[in-house]
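Notes for the one structure printed next.
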Amino acid sequence: MNLRRKKRGGFSDSSAASDMAFLLIIYFIVIAGFNINKGFLMNLPARDSSRLIQRDDLLRFELDDAGQITSGGNIISRAEAEGAISAGISANPNLAVMLSVSPEAPWQEVVSFVETAQKLSVEAFSFSMREGAAGEGG
């Protein structure tokens, strides 16, 4: 018994190929719209810029292992830190905010503080990791 097999060809009809190309273009346009940026938009200084910051223009905060914010040796809430930054910016437009982070600090607290600085439109923001993690000698 002989069975006849149909030959499968490519896109022999040019309208089918153009329809497929059109659908692929629409598909890629649609999925490109769902690209969500989950990072922070912060203006970074140019590599060759040399901006000098005076001591009076610097507002320092520390984030300890428990996620508590300290300023000037006193533990403050995030709302108090936000108020201090806001008052500092209104009094001094060249204000620079510096956050020193403990290696064991919860990262969500760091992210929340950075979001606060971004919300308040802090022009100069810096954060650094303190030396030596908990449990290390040194």
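Each value in this text was obtained by applying a stated rule to the coordinates, not by laboratory testing. All values reported here derive from a predicted model rather than from experimental measurement. In this analysis, Cβ positions are derived from the backbone assuming ideal geometry, glycine residues included, and neighbour counts consider all displayed protein chains.
In terms of its C-alpha gyration tensor, the stretch 52-109 comes out prolate, because a/c is 1.5 or above and the ratio a/b outweighs b/c. Amide H contacts of S100: F61, E62, L63, S128, each under 5 Å away and 5 or more positions distant or on a separate chain (H built 1.01 Å from N in the peptide plane; Pro and chain starts excluded). Highest mean first, the peptides 22-30, 62-70 sorted by other C-beta atoms within 10 Å per residue fall in the order 62-70, 22-30. Among E131, E123, the ranking by other beta carbons within 10 Å of each residue's beta carbon, starting with the fewest, stands as E131, E123.
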